[in-house]
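See below for the structure under consideration.
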Amino acid sequence: GESVGLHLPTLSVQEGDNSIINCAYSNSASDYFIWYKQESGKGPQFIIDIRSNMDKRQGQRVTVLLNKTVKHLSLQIAATQPGDSAVYFCAENPYTGFQKLVFGTGTRLLVSP
Amino acid sequence: DAGVTQSPTHLIKTRGQQVTLRCSPKSGHDTVSWYQQALGQGPQFIFQYYEEEERQRGNFPDRFSGHQFPNYSSELNVNALLLGDSALYLCASSPGLVNTDTQYFGPGTRLTVL
């Protein structure tokens with residue numbers, strides 16, 4: 001079956017460090033991947049997405065890398081700030097023709113000042 | 001530009017009762033999906049509505065039903081509530097059905113079943 005999992009449930013970093021959050025997916029048919037940030041008591045907030053025809057995509061302070069060979073996705077956050085503290089989810093859509101996001105359990109990012 | 005809105009924010013019910021949750025999509029979006037998020041877990045897909053019809057459904061029993069109105073807003077109904085239905089219910093909207101259309105989430109409704 002399909003699954004999206006995360007290697008590290010909690011990641012603690014110092015303010016100003018770069019953070020890397022990893023994600024493994026199992027469905028090689030997935031062609032769309034998204035990273036969401038969820039703060040306590042709020043809904044998931046879209047960060048960045050990537051399609052399977054790309055290896056890398058950059059946003060403001062964030063970069064997503066996709067390695068289809070090993071079915072691995074990562075989110076890099078540059079110069080991490082205390083406001084980046086949240087749970088981060090990767091999600092995939094392995095369904096062509098319709099939308100059904102498959103989420104992992106999330107990684108908690110803790111940023112110390 | 002208002003994002004996805006949901007109501008109510010919190011709800012407490014007892015076992016066996018029925019509940020209705022509401023969602024208004026982001027402006028310009030016509031597709032609404034509902035997800036259930038148990039504490040400490042990622043969201044799980046319940047179903048998706050487009051053109052007032054249920055288009056896709058996840059692994060949830062028939063106690064979970066929904067509706068989409070002509071203005072694209074949506075309701076999620078859960079009958080015969082169980083303790084295990086306690087969760088954060090999230091609504092997400094997107095501008096279409098294409099699998100690469102980004103889904104934007106609302107703040108959620110926290111349902112507690114006692």
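Here are some notes:
- Qualifying position, being surrounded by 13 or more Cβ atoms within 10 Å (Cβ to Cβ), modelled with pLDDT under 95 and basic (Lys, Arg), among B:ARG63, B:ARG57: B:ARG57
- Subset tally (residues that are open to solvent by 40 Å² or more (accessible area, probe 1.4 Å), facing another protein chain (nearest Cβ under 10 Å) and more than 12 Å from A:VAL87 (Cβ to Cβ)) for segment A:23-51: 3
- Whenever a residue of segment A:26-44 is closer than 16 Å to B:CYS91 by Cα, its partners that are β-branched (Val, Ile, Thr), lying with C-beta atoms within less than 6 angstrom and at least six residues away or across chains, give the pairs A:LYS37/A:ILE47; A:GLN38/A:VAL87.
- Only one of B:ARG22, B:ARG15 that is outside any loop (DSSP other than H, G, I, E, B) and basic (Lys, Arg): B:ARG22
- Count of residues meeting criterion [out of contact with any Cys (no Cβ under 6 Å at 6 or more places or on another chain), within 16 Å of A:ARG108 (Cβ to Cβ) and buried (at least 19 other Cβ atoms within 10 Å of the Cβ)] in segment A:85-95: 4
- Options A:VAL70, A:VAL4: the member that is β-branched (Val, Ile, Thr), touching a Cys at 6+ places or on another chain (Cβ under 9 Å) and at pLDDT below 95: A:VAL4
- So B:PRO70, is it free of Cβ contacts under 8 Å to residues at least 12 places away in the same chain, assigned to a loop (DSSP other than H, G, I, E, B), more than 14 Å from chain A (Cβ to nearest Cβ) and of a type outside the set (A, V, I, L, M): no
- The single residue among B:ASN99, B:ASN59 that is at the interface with chain A (Cβ under 8 Å from one of its Cβ atoms) and outside any strand (DSSP E or B) turns out to be B:ASN99.
- For the residues B:GLY42, B:GLY28, B:GLY3, the requirement of being open to solvent by less than 20 Å² (accessible area, probe 1.4 Å), at pLDDT below 95 and not in a strand (DSSP E or B) singles out B:GLY42.
- Test: residue in segment A:15-22 that is within 11 Å of chain B (Cβ to nearest Cβ), open to solvent by 10 Å² or more (accessible area, probe 1.4 Å) and more than 20 Å from B:ASP101 (Cβ to Cβ): no
The values are calculated or read from the model by the stated rules, or taken from the named source; none is laboratory data. Just so it is clear, the model here is predicted, and its values are computed rather than measured. Neighbour counts run over all protein chains shown; Cβ positions are idealised from the backbone, glycine included. When the accessible area is computed, the model is the full protein with side chains, heavy atoms only, and any ligands, DNA or RNA have been set aside. Shrake-Rupley method; radii C 1.70, N 1.55, O 1.52, S 1.80 Å.
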